[in-house]
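Contents: one structure, followed by commentary.
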Amino acid sequence: MTPPPASKAKRQRDPAQKRQRILKAAHAIIRAEGVQGTTTSGIAKKAGVSQAIIFHHFGSKQGLLAAVATEYGHGVARAIFAHAVPGVRPDLRPMIAGVFEYVRENGYLHDFLILGHDRSDRSSAFMTSRNVVIGALAQAFTMYETAGWITVDDPAVAAVLMFGLVESALTECFCRDVPVDAEAYIDACVQCIERALQMVEDR
């Protein structure tokens, strides 16, 4: 008996599933081999797709790299706000600790891009990821200021400064050969950010 044709809904989902498989494969290979050791043929093999499918979805290796970085940025943003409760004053420590845990589990963006020979590719990918995280922080800070939980002149500037501080701490903890106490860096980040945001105590 001839099997029934695939449903329209299933056919529509398949491209999205392939795209996610490609991103997952690319992230794994980039983290293991660096950008220089990553090829579209290797990604295609690991993802179980053809190279043509990769170029169809991402246009080029650089486009794929930017997509991986974007996914990474969204992952960091989700980690920051994973424990946030709507309508409740934010607790900075789990926000910062969530970022450290995400990086520990998924690799540090700088670390798995650092081996790339094309500096423009690395810079473009990092900026893509950076902009996703900073955008999420700026939106949150705007809401926190409206709620009266923080006092800042410009939430967008505060978001950039918070990103820079935490990014530097992550570099020290995950990109150095000498072991460091990540908890000490988390605590120091929290203290600095609380002062910078002039967080208002619960009344």
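The values are calculated or read from the model by the stated rules, or taken from the named source; none is laboratory data. The shown structure was predicted, so the numbers you read here are calculated from the model rather than taken from an experiment. Please note: Cβ atoms are built from the backbone with ideal geometry, for glycine as well, and neighbour counts cover all protein chains shown.
Taking the conditions exactly as written (of a type outside the set (S, T, N, Q), within 16 Å of Ala136 (Cα to Cα) and without any contact (Cβ under 8 Å) to a residue 60 or more places away in the chain), does His74 satisfy them or not?
Working: of a type outside the set (S, T, N, Q): yes; within 16 Å of Ala136 (Cα to Cα): yes; without any contact (Cβ under 8 Å) to a residue 60 or more places away in the chain: yes.
Spelling it out, His74 is indeed of a type outside the set (S, T, N, Q), within 16 Å of Ala136 (Cα to Cα) and without any contact (Cβ under 8 Å) to a residue 60 or more places away in the chain.
Kindly indicate which of Cys173, Cys189 is modelled with pLDDT of 95 or more, in contact with a helix residue (DSSP H, G or I) (Cβ under 9 Å, 6 or more places away or on another chain) and surrounded by 15 or more Cβ atoms within 10 Å (Cβ to Cβ). I'd like the intermediate steps shown before the answer.
Working: Cys173 fails: modelled with pLDDT of 95 or more.
Of Cys173, Cys189, the one residue that is modelled with pLDDT of 95 or more, in contact with a helix residue (DSSP H, G or I) (Cβ under 9 Å, 6 or more places away or on another chain) and surrounded by 15 or more Cβ atoms within 10 Å (Cβ to Cβ) is Cys189.
Take the residues in the stretch 126-158 that are in a helix (DSSP H, G or I), in contact (Cβ under 8 Å) with a residue 24 or more places away in the chain and over 15 Å from the mean Cα position of the chain (by Cα), then tell me which one is nearest to Gly87 (Cα to Cα).
The extreme case among them is Tyr144.
Could you look through the stretch 38-65, keep only residues that are part of a loop (DSSP other than H, G, I, E, B) and of a type in the set (Ser, Thr, Tyr), and pick out the one that is nearest to Gln17 (Cα to Cα)? Walk me through how you get there before you give the answer.
So the first thing to find is which residues in the stretch 38-65 are part of a loop (DSSP other than H, G, I, E, B), and the list is 38-39, 48-50, 59-60.
From what is left, the residues that are of a type in the set (Ser, Thr, Tyr) are 38-39, 50, 60.
On the way: Thr38: 21, Thr39: 21, Ser50: 14, Ser60: 19 Å.
Once the filter is applied, the top-ranked residue is Ser50.
Checking Thr146 against (1) in contact with an Asp or Glu (Cβ under 9 Å, 6 or more places away or on another chain); (2) surrounded by fewer than 19 Cβ atoms within 10 Å (Cβ to Cβ): exactly one of these is not met. Which one?
Here Thr146 clears every test but (1).
State yes or no: is Ala69 closer than 29 Å to Lys18 by Cβ, in contact with an Asp or Glu (Cβ under 9 Å, 6 or more places away or on another chain) and buried (at least 18 other Cβ atoms within 10 Å of the Cβ)?
On the way: closer than 29 Å to Lys18 by Cβ: yes; in contact with an Asp or Glu (Cβ under 9 Å, 6 or more places away or on another chain): no; buried (at least 18 other Cβ atoms within 10 Å of the Cβ): yes.
Taking the combined requirement at face value, the residue does not satisfy it.
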